[in-house]
Every structure is written in C-alpha cells, then in structure tokens.
Amino acid sequence: MTTFTKQAFEQGQILLIDKPLNWSSFQAVNKIKWLIKKQYGLKKIKVGHAGTLDPLATGLLLICTGKMTKVISELQGQQKQYTGSIYLGATTPSYDLETQIDQTFPIDHITQENLDQIRNLFIGDIMQVPPIFSALKKDGKRLYEHARKGEEVEIQSRPIHIENLLFTSVKLPKIEFQVDCSKGTYIRSLAFDIGKALNSGAHLTSLRRTKIGQYDVQQAWNIEDFEKQIIQSTPETI
C-alpha cells in the first residue's frame, strides 16, 4: 500500500505501477521521481525500477524509492508472469512489432495437437538465445546497436526456467498465452522459438506483465491516477 507522505517516500516504498504502452521503463521512473520531488520539495531522492519492460509492453513495473532501492536486485530475481499474443506465419528481425515482417511461412499444418505437443518443449530448464534487438552488450555495444547497423553478431544462449506455459486462445494465425518464467527470459525469443518448433515462423504482437513474485498488476497504479493522488496529498501529510 502506497503512503503519500514525504517521509514515507524517503524511507522507502515499493510502488506498483502499470506501465503504459509506448513508455520506456526509464520514462516511467523519471515521471514518478519528478512527481515526488515536485510535490514534496525534495532536491534529490533515489528512485529505480526492478526489471525493464520494453516500450511495446505494458503492465507491472516495480518502482522503488529511498532505502527500498536496496532491494531492487532481490525483486529482479523473482518469478514473473506475462500474458500476450503471438502471430504465427511471419517473423520480424526484432521478434516483435518494432520492426517490419521479413519472412512469411505456412501455417495450414498447425493444429491444436501440434501446440499441445510443442508446449512441453518450453517448460522447465531450457536454453534461450536473446533477440538481437536487445540491450544486452556484446563487444562493448548494445546488441540493438549492432542490429541497426546490419552487423552479424554471435549471441550465446543462456539458461532460463519456464515454470508454466499456457495457450489460452487459439484463433490462427493468432494465439494468446500466459507464461510464468525466471529472470532473464525474453518473451520475444519465446515467441520466435515457438514459431520454429511449429515448423513455421512467429513474432510477438502484444505483451503484458501481470505478476512479479507476490506483486500483482491488479494492485498497480496507472500513471495518471498516481499523479492525481500525489497532487491531492495535503500539506499536513508532508
């Protein structure tokens, strides 16, 4: 529960924020930090987030203030849950809608039985190759910097854990999913790999983070409501 007082923000709080579409996680943190500093007349306050969401993703962003920034690494390590949609039959270089479709594939052979079979391939401890359009570093540069220059880069696979994967709706070429996974899992790569496993192609068309550990997006503030609430905090509570 968020306490809207100067002392509470300085001592430290974990804010549950529902990140809007097309906002970077950095933008969301800066907005929250600016609101707190402006409302309570603070020259500085520590504010950070526990796990990046891509601009094209929405959902739960944990933003820590004050002394609670010390638990960010602990929060980042907790299991996460996502929901979203995947488009079958086409790939993009970024594995999502950031870039245009570069290849198309047949999907006529894909059945519910195929989906049930390949689902099990992605549950448990698996190896995953991160997307080239990501912020991971290689040779001192972000991978997306290499990608935008058309440079070919060898990307090492990494161990991840997927606790559960459900296909909640199948209306080809679109499938909707829910996944519970470890830190370091790229859902864009998961979408791409699902397409390959189906002898087709795929890319991510929407993504929403719904949980981080015990924290649920249903308890999160959207940016507008948080701003209204903090502005309404009275001088007596500062």
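The values are calculated or read from the model by the stated rules, or taken from the named source; none is laboratory data. From a predicted model like this one, the values you see are computed outputs, not experimental measurements. When we count neighbours, we look across all protein chains shown, and the Cβ atoms used for this are built from the backbone with ideal geometry, even at glycine. Accessible surface areas use protein heavy atoms only, side chains included; no ligands, DNA or RNA. Shrake-Rupley method; radii C 1.70, N 1.55, O 1.52, S 1.80 Å.
Structure summary
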read-out: Sulfur and carbon atoms: percent of accessible area, the range 28-106 [1.4 Å]; value: 52 percent
read-out: Full-stretch length increase - LEU166, SER233 - with 0.36 nm per residue and alpha-carbon distance subtracted; value: 19.9 nm
read-out: R0 of 25 Å, Cβ-Cβ distance SER182-GLU113: FRET efficiency to nearest 0.05; value: 0.35
read-out: 22 Å Cα-Cα reach of LYS228 towards lysines, excluding residues that sit fewer than 8 places from it in its own chain; value: LYS6, LYS19, LYS31, LYS33, LYS37, LYS38, LYS43, LYS44, LYS46
read-out: Cα centroid separation, the range 1-59 to the range 199-224 (Å); value: 18 Å
read-out: Approximate spin-label separation LEU121-THR3, in nm, with each point projected 7 Å along Cα-to-Cβ; value: 5.2 nm
read-out: Cut-off 18 Å (backbone N to label point 7 Å along Cα→Cβ of THR104), residues of the range 157-181; value: 172-175
read-out: The chain, helix-only ellipticity at 222 nm - DSSP H runs n ≥ 4, -39,500 (n - 2.57), divided by all residues, nearest 500; value: -7500 deg cm²/dmol
read-out: Candidate lysines - alpha carbon under 30 Å from LYS196, same-chain residues fewer than 8 apart omitted; value: LYS80, LYS137, LYS138, LYS141, LYS149, LYS171, LYS174, LYS183, LYS211
read-out: Amide H contacts under 5 Å for VAL129, placed H, 5+ residues apart; value: ARG158
read-out: Residues of the chain: accessible area per residue with a 1.4 Å probe, Å²; value: 53 Å²
read-out: Mean Cβ neighbour count within 10 Å, used as a protection proxy, ranking 181-189, 95-103 highest first; value: 181-189, 95-103
read-out: Additional length obtainable on full extension of the chain from LYS70 to LYS46, 0.36 nm per residue less Cα span; value: 7.6 nm
read-out: Percent of beta bridges antiparallel (DSSP, the chain, rounded to nearest 5); value: 90 percent
